[in-house]
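> There's a structure below that I have some questions on.
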Amino acid sequence: MKKHVFALAFVACSAAYAAELSRIELSQGGTIEARVLDERADRIVVDLGFTVLTVPRDSIVRVQTLDSEGKVVSTNSESLYRTDSAAPILSVKELAQRVGDAVVTISTPTGLGSGFFIHPSGYVITNDHVVAGENKISVAVFEREPGGEVVRRNYENVRIIATSAEWDLALLKIEDSEGRTFATVPVGDSGALRQGQRVFAIGNPLGLERSVSEGIVSIHNRLINGRLFIQATAQISPGNSGGPLFNMRGEVVGINNMKVSGFGAEGLGFAIPALTLENFINNRETFAFDPRNPNSGFRYNSPPNLSKVNDDQ
């Protein structure tokens, strides 16, 4: 029996050493060259030869596969966001303390909105309509000091990486962070949401920063203009746009982007599902922003109304 166990262990080690060599670029600025033993949604396990190291996904900028000569064969840079399937269910009070530091205020000359960090090196998600047509964007971050004091820091050098008017999503990058590491929030499974499930939002309604509102999922797949939205009762107002909608594990399941007001309507808020966000991030080169092109993001005009054209003829 002991010999059998030893043989299995030997085979496993042999397989590990046959793995391809990879170069892992870290958000803190360093790199690791090692053989990848295991890849999970929240971490990568690598063999350094003399020890095994676990690297959290939120510390990874990109992973490159190397050939026998150390040349890059392929690159996987899609790890801009992290997941946390083991996150515990907590109260809104506990979760607000836990994820609130990752929520930011986004200001432009014409208005303000909300956003949140998905990567510790300064990548921020918000709505496209918050930054569309703007050439000056600032991000206010509320950072908790070791003593518990919350300090507001403004970052003025913010670049638009990718944007989609159709999906109403934008990816920003803080360029003047001076190597600072930011708190991030995990992205959850919006497809697992069900009616009546509790959710909460954090944002800046009417400029009232770090406001928390709680509600339930009214319906997880509301169809509006050909797109699916999460309809929830968590109160949102102008300024909440681009902010996160959380489940009770502190995972982002939606991005708040609009509400229905007037006609006595209350509690009709809508959020973009996290699945759409994942597709946007993983295909961000498709939505790459070009500041020289006013139509950047490939914003196509609507096709002509054929019946109107025929009438004119």
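The values are calculated or read from the model by the stated rules, or taken from the named source; none is laboratory data. Bear in mind that the values here come from a model prediction, so they are computed numbers and not experimental data. Reconstructed Cβ throughout: ideal geometry from the backbone, glycine too, with neighbour counts over all protein chains shown.
> Taking the condition of a type outside the set (Asp, Glu), loosely packed, with under 15 Cβ neighbours inside 10 Å and over 20 Å from the mean Cα position of the chain (by Cα), does Gly191 pass?
Details: of a type outside the set (Asp, Glu): yes; loosely packed, with under 15 Cβ neighbours inside 10 Å: yes; over 20 Å from the mean Cα position of the chain (by Cα): no.
No: the conditions fail for Gly191.
> Here's a follow-up. Going through Ile160, Ile219 one at a time, which residue ends up being assigned to a strand (DSSP E or B), farther than 22 Å from Glu251 by Cβ and not basic (Lys, Arg)?
Ile160
> Next up: Among the candidates Ile224, Ile216, Ile230, which residue alone is of a type in the set (A, V, I, L, M), modelled with pLDDT under 95 and over 22 Å from Tyr123 (Cα atoms)?
Working: Ile216 fails: modelled with pLDDT under 95; Ile230 fails: modelled with pLDDT under 95.
Unique residue meeting the criteria: Ile224.
> Among what's in the range 64-92 and is β-branched (Val, Ile, Thr) and either in a strand (DSSP E or B) or under 25 Å from Gly122 (Cα atoms) (or both), pick the residue that is modelled with the lowest pLDDT.
Step one: filter the range 64-92 for residues β-branched (Val, Ile, Thr), giving 65, 72-73, 75, 83, 89, 92.
Next cut, either in a strand (DSSP E or B) or under 25 Å from Gly122 (Cα atoms) (or both) only: 65, 72-73, 75, 83.
Numbers: Thr65: 77, Val72: 65, Val73: 58, Thr75: 51, Thr83: 86.
Filtering the range 64-92 for residues that are β-branched (Val, Ile, Thr) and either in a strand (DSSP E or B) or under 25 Å from Gly122 (Cα atoms) (or both), the one modelled with the lowest pLDDT comes out as Thr75.
> Any residue at all in the range 178-187 that's in contact with a strand residue (DSSP E or B) (Cβ under 8 Å, 6 or more places away or on another chain) and closer than 13 Å to Thr276 by Cβ? Explain how you work it out, then say what you get.
Initially, the range 178-187 is screened for residues in contact with a strand residue (DSSP E or B) (Cβ under 8 Å, 6 or more places away or on another chain), giving 182-187.
Narrowing the set further to residues that are closer than 13 Å to Thr276 by Cβ leaves 187.
Checked the range 178-187: at least one residue is in contact with a strand residue (DSSP E or B) (Cβ under 8 Å, 6 or more places away or on another chain) and closer than 13 Å to Thr276 by Cβ.
> I need the full set of residues from the range 50-63 which are buried (at least 18 other Cβ atoms within 10 Å of the Cβ) and either modelled with pLDDT under 75 or of a type in the set (D, E, K, R) (or both), in order please.
Filtering the range 50-63 down to residues buried (at least 18 other Cβ atoms within 10 Å of the Cβ) leaves 57-61, 63.
Arg57, Asp58, Val61 - these are the residues of the range 50-63 that are buried (at least 18 other Cβ atoms within 10 Å of the Cβ) and either modelled with pLDDT under 75 or of a type in the set (D, E, K, R) (or both).
> Only residues that are without any contact (Cβ under 8 Å) to a residue 12 or more places away in the chain and in contact with a Leu (Cβ under 8 Å, 6 or more places away or on another chain): list them for the range 224-244, please.
Across the range 224-244, there are no qualifying residues.
> Within the range 296-304, identify whether any single residue is over 20 Å from Leu169 (Cα atoms), modelled with pLDDT under 90 and not assigned by TED's automatic domain parsing to the domain that holds Arg227, and answer yes or no.
Yes, that holds for at least one residue.
> A follow-up question, please. Is it the case that the range 218-228 has a residue that's in contact with a Pro (Cβ under 7 Å, 6 or more places away or on another chain), surrounded by fewer than 24 Cβ atoms within 10 Å (Cβ to Cβ) and farther than 20 Å from Val104 by Cβ?
Step one: of the range 218-228, the residues in contact with a Pro (Cβ under 7 Å, 6 or more places away or on another chain) are 228.
Those still in the list that are surrounded by fewer than 24 Cβ atoms within 10 Å (Cβ to Cβ) too: 228.
So of that shortlist, the ones also farther than 20 Å from Val104 by Cβ come out as 228.
Yes; the residues of the range 218-228 include at least one that is in contact with a Pro (Cβ under 7 Å, 6 or more places away or on another chain), surrounded by fewer than 24 Cβ atoms within 10 Å (Cβ to Cβ) and farther than 20 Å from Val104 by Cβ.
> If Phe200 passes every condition in (1) over 18 Å from Asn240 (Cα atoms); (2) part of a strand (DSSP E or B) but one, which one does it miss?
(1)
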